[in-house]
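The values are calculated or read from the model by the stated rules, or taken from the named source; none is laboratory data. Keep in mind that what you see is a predicted model, and the values were worked out from it rather than measured. Ideal geometry is used to build each Cβ from the backbone, glycine not excepted, and the neighbour counts take in all protein chains shown. Surface accessibility is based on the protein's heavy atoms, side chains included, excluding ligands, DNA and RNA. Shrake-Rupley method; radii C 1.70, N 1.55, O 1.52, S 1.80 Å.
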Amino acid sequence: MSTTISALESARAALPAFGDRLIGPDDPRYDEARTLFNAMIDKRPALIARCETADDVAAAIRFARDQGLRIAVRGGAHNGAGLASVDDGLVIDLSPMKAISVDPGTRTVRVGAGAVWGEVDAATGPHNLAVPTGIISSTGVAGLTLGGGHGYLARRHGLTVDNLLSAKLVLADGTQVTASADEHPDLFWAIRGGGGNFGVATEFTFQAHPLETIVGGPTFWAIEDADELLKAYREWLPSAPRNVVGFFNYHTIPPVAEAFPEQFHLRKVCGIVWCIDASDEDAEAAMAPMLSLAEPLIHGVQRMPIAALNGAFDGLYGPGDQWYWRGDFVHEIPDEAVVLNREWNERMPGFKAGSHLYPIDGAVQDVKTEDTAWAYRDATWSQVFIGCDPDPAKADAVRDWTRGYSEALRPYAAGAGYVNFMMDDEGEGRVKATYGSNYPRLQQVKKEYDSENVFQVNQNIVPAG
Ligand SMILES: Cc1cc2nc3c(=O)[nH]c(=O)nc-3n(C[C@H](O)[C@H](O)[C@H](O)COP(=O)(O)OP(=O)(O)OC[C@H]3O[C@@H](n4cnc5c(N)ncnc54)[C@H](O)[C@@H]3O)c2cc1C
């Protein structure tokens, strides 16, 4: 504790411009400021520096290096592995940097690195524009983008990084640069999937796409129908046009009276969450092959803005739950995997657990493996195994189920998973695998921009040499 207090005193002396934006353990705001989305993870940083500008970020990096403090970078703090914080180190908290500006003429959006996706949707929606995001609106823009980013618009417009035009970063030595196709192109290549390894991003510029409303929402069937439905889905999805998206999932109907009919509460189900950019008639025709296979228990599909769909599950997945999750890329879903998926989900440890198969074919596959750090351009799905429960007493059960489920399915997976669905216990080999043939080049870029591995509280890429 005394080291921690002295780090704080040094910081107050060295960084006077921060004023009360430096938060240490003696501050009544400390516990709230260090809290992460995943309540399973409890870290106690020496101090938290709330940054408002790129100059603040540079000063915080220099201070941490002078003091020998490890650095963590906090965007939306959603990371499952809790990589937005670090014990006894310095947290660069970007949450005050939320400026968002939309240029409807060029359909571009500039976003401060402390924004969350719901804030971006709120800014783009009035212009009938959308940036491809994730499926929960409280997720941070920064962490999701730097890891790749997939959601409802991926089949149509690619990953979030495929729509990134440039980013401003503060490097390990405090230098401020812009990375784009024309400036620091190697850095731009690396940050499109390589996470926070190369610098602290302070602003992103995205290409947005015209989008008025979509036909979206979930259909749920009894889990007994899951094998037949998944076998049909694995053929149907890849042949569907790119404006038709549905992610297959396994869940338990939450006991939420306002959202779900009571007779289905706590019933185990499989489902598809739809996002179809088409007329009502065309959307119905697109869903028909799946809907005709078995009688749904719930068909909650309607026309809505994409922002409403991106926020539809926020209430269920808010902060403060126990999270342990894993991911795997999937090329094909053989019959054995179909059965295992159902069996593991029949044993879900609680009503917030489950699994999703997110489609990452279509436009995601238009980009070549070597064009961005994100390497799995030939996978059809990114599967996530979701261990989640509000009860801390169930943390072990949630972790064991997720590990067991993901390991049972691993023989049928592509050999790696999405970096943003990793905890911190899967080892360097798993990080290497997610980058595949791009890993050696990432190590070179890491060496060029952060040879001392200042940015190591992440899914770490080891500098070359
Ligand atoms: C409920 C839920 C739903 C999700 N759904 C999706 C989804 O649909 N699609 C998807 O792709 N992902 C999804 N994710 C995963 C998400 O992409 C990751 O959790 C991601 O890390 C969150 O970003 P963040 O900014 O909130 O994270 P943080 O926890 O703040 O940071 C995560 C990592 O990014 C680094 N980082 C953060 N900001 C910066 C920055 N400005 N500069 C440099 N490094 C930085 C951190 O150091 C850390 O290593 C979901 C997560 C949750 C919890």
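Just a few scattered comments:
- Some residue of the range 293-304 being at pLDDT 95 or above and under 28 Å from G143 (Cα atoms): yes
- Odd one out for G429 among (1) out of contact with any strand residue (DSSP E or B) (no Cβ under 8 Å at 6 or more places or on another chain); (2) closer than 24 Å to H184 by Cβ: (2)
- Residue list for the range 415-438, filter: open to solvent by less than 30 Å² (accessible area, probe 1.4 Å) and either touching a residue at least 40 places away in the same chain (Cβ under 8 Å) or closer than 17 Å to V161 by Cα (or both): A416, G417, Y418, V419, F421, M422, M423, T434, Y435, N438
- Residue check for L83: within 22 Å of Q456 (Cα to Cα), in a helix (DSSP H, G or I) and either within 13 Å of the ligand (Cβ to nearest atom) or not basic (K, R) (or both): no
- Residue check, T139 more than 7 Å from the ligand (Cβ to nearest atom) and either surrounded by 24 or more Cβ atoms within 10 Å (Cβ to Cβ) or at pLDDT 95 or above (or both): no
- Leading residue by the ranking (farthest from the ligand (Cβ to nearest atom)) among those in the range 368-389 that are part of a loop (DSSP other than H, G, I, E, B) and touching a Lys or Arg at 6+ places or on another chain (Cβ under 7 Å): K368
- Residue match in the range 314-327 (condition: open to solvent by less than 10 Å² (accessible area, probe 1.4 Å) and over 22 Å from the mean Cα position of the chain (by Cα)): no
- The range 385-394, residues that are buried (at least 17 other Cβ atoms within 10 Å of the Cβ) and farther than 17 Å from H251 by Cα: K394
- For the range 272-364, the strands (runs of 3 or more DSSP E) that sit wholly inside it and include 1 or more residues that are among the aromatic types (F, W, Y) and closer than 29 Å to R399 by Cα are 322-330, 354-359.
- The set of residues in the range 395-414 that are open to solvent by 40 Å² or more (accessible area, probe 1.4 Å) and of a type in the set (A, V, I, L, M, F, W, C) contains only A397.
- Some residue of the range 101-109 being more than 19 Å from S137 (Cα to Cα), touching a helix residue (DSSP H, G or I) at 6+ places or on another chain (Cβ under 6 Å), open to solvent by 10 Å² or more (accessible area, probe 1.4 Å) and part of a loop (DSSP other than H, G, I, E, B): yes
- Enumeration of residues in the range 216-229 that are under 23 Å from the mean Cα position of the chain (by Cα) and on the phi < 0 side of the Ramachandran plot: G216, P218
- None of E228, E235, E212, E224 is closer than 30 Å to I298 by Cβ, more than 9 Å from the ligand (Cβ to nearest atom) and part of a loop (DSSP other than H, G, I, E, B) except E212.
- K394 basic (K, R) and farther than 30 Å from G465 by Cβ: yes
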